[in-house]
1. For region 133-234, what is Rg from Cα atoms divided by 2.2 N^0.38 Å, rounded to two decimals?
2. Would you compute, from DSSP H runs of 4+ residues alone, the mean residue ellipticity of the chain at 222 nm, taking -39500 (n - 2.57) per run and dividing by the full residue count, rounded to the nearest 500?
3. State in Å² the accessible area per residue of the chain; use a 1.4 Å probe, count heavy atoms of protein chains only, and round to the nearest integer.
4. Under 1.5 on a/c is rounded, so check that first for region 63-136, then, if it is not, pick prolate when a/b is larger than b/c and oblate when it is not; a ≥ b ≥ c are the square roots of the alpha carbon gyration tensor eigenvalues.
5. For the chain, evaluate the Debye formula with one uniform point scatterer on each Cα (no solvent term) and list log10 I(q)/I(0) at q = 0.06, 0.10, 0.11 Å⁻¹, rounded to two decimals.
6. At a Cα cut-off below 18 Å, give the lysines reachable from K419, other chains included and same-chain residues fewer than 8 away excluded.
7. Give the carbon-plus-sulfur fraction of the accessible surface of region 369-431 in %, rounded to a whole number; probe 1.4 Å, heavy atoms of protein chains only.
8. Just to be sure I follow the definition: excluding the sites themselves, where is the longest run in the chain that has none of the GluC sites (Glu not before Pro) in a DSSP loop with at most 14 other Cβ atoms within 10 Å?
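The values are calculated or read from the model by the stated rules, or taken from the named source; none is laboratory data. Keep in mind the model is a prediction, meaning the values are calculated, not measured. Here the Cβ positions follow ideal geometry from the backbone for every residue, glycine too, while neighbour counts run over all protein chains shown. In case anyone asks, the SASA skips ligands and DNA or RNA and just uses the protein heavy atoms, side chains included. Shrake-Rupley method; radii C 1.70, N 1.55, O 1.52, S 1.80 Å.
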Amino acid sequence: MLLLPPTMWVEVPSSSQCGWRSAAAVCVLEAAAILMQRTVVVAGGGISGLTACYHLIKDAKVSKISELGLEGELLPVPRDHPAAKNRYLYVKKSLHKMPSSIGEVLRTIPPFTRPLFLCGLRDLTAPRGPREDESIHDFFTRRFGKELADIVVDSLCRGVFAGDCRKLSLRSCFPFLHEAERRRRSVILGMVTGGGETPLIDSPLIQRSKKERWSQWSLRGGMQTLSEALEDYIRQKGVEVHKDTPVEGLEIGGDRRWQVRLPHGSIAADHVFSAVPAAGLSRLLAPVAQPMATILHELSAASVAVVNLEYEGDILPISGFGHLIPSFEDRAVLGIVYDSLAFPEHNRRGTASTRLTVMLGGAWFESSLGDPDKVPLEKLLNLATEAAATQLGLSGKPTRAITNLNKSCIPQYTLGHWKRMENLFTYIRQNHLPLSLIGASYEGVSVNDCIYNAKKSVYSLTGC
């Protein structure tokens, strides 16, 4: 129950395009179980922080996206749509469609040198791995073969994490695969028999997505609309929003209450939800929780340049979601998404156009592009247009281009990440710190992961 009009501080970087923000939000709640008031600060105003604040001030039993007024704005893409079925790899200077039928799995198709079903047979007979954690590349090499790991898995990790599969942790990046092998020895058998974590919530919208077999979704006004709707909802509940006001310090007293220091004052809080990146939280906690600050400092993140290109006419030579590029083919360019095919609703009205998103850098940013603080945006734009020309045959200059350099934007769950997370949460529990960690730095980098984990953390605190 909201007892007093809370306050929310939001800092929005000028380069933000997707609603990722650094912020602080204060909510005063009634903890019914102990019949007392508690002040909760949500630090970080990206999708995780906004989601946490949303669930702190709403009826926990209600979970409808229609409450945000967005149900009519949804743009679902079903699994039988070309943008869902057709995904490509760019290997040896050519585009290759990934297998999407049994027939394609049973025969040899480029760029592979043997049928992919043989990789599945290898998994069914391979022994369970002895290690607590291993790299994604090692795991797939051991279970499915080196060719699949070098081409498919390398590309997939570049597209999802902008990371190097030889350094990323299988247990942290793909916990369901780790669990499948642990339970049934075979990944395939483990996936078929299920047994994963039960979803925290269900709703008519989730049921609709399952019934209609959504592969992906967006919003008519873009994903920024979700952040804006959450902020509007919070404002309507009496939250006062102050932008460009970062958290400058965290201190904790003998009464186990936080003092959250802001440029124009401080707030006393009974509990803090931190959705700021791990590096930022490390600096804030260094004076009061050095062991935590040390662990947080070890968590790295990759920089990614995102270049949006628009060309006149419907000129894509193929139909699909997009293509990824393995690191041995091109270290600088991670992949290209064909936005206009999946979401034509975002195209300019009255004329046909082709829209692309080109992703650059990631774990290879410094080695292939240079210092993120110094690389010229023009260089990134030129690389993106060259990739579109070389890989898709889109000659000529785009009619419109937007270049964004997102520094340290995607956390890298490297080997041992699960143990670092275990140590963090153990420290919080053993020291009775009134602190919850949410956001992409810890247990999932996707929007869905961030929303789910923020909601789960709020439920853990409130008991709802």
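1. Values: Rg = 17.5 Å, N = 102, 2.2 N^0.38 = 12.8 Å.
Scaled against compact globular proteins, the figure is 1.37.
2. Details: 18 runs with 159 residues, N = 464.
Theoretical 222 nm ellipticity from helices: -9500 deg cm²/dmol.
3. On the way: 21910 Å² over 464 residues.
Per residue, the chain has 47 Å² of solvent-accessible surface.
4. Numbers: a/c = 2.62, a/b = 1.51, b/c = 1.73.
It is oblate, given that a/c is not under 1.5 and a/b is not larger than b/c.
5. With no solvent term, the Cα-only Debye profile gives -0.28, -0.82, -1.00.
6. K167
7. Values: 1700 of 3430 Å².
Exposed carbon and sulfur together represent 50 percent of the surface.
8. Values: sites that count: E132, E197, E212, E248.
The answer is 249-464.
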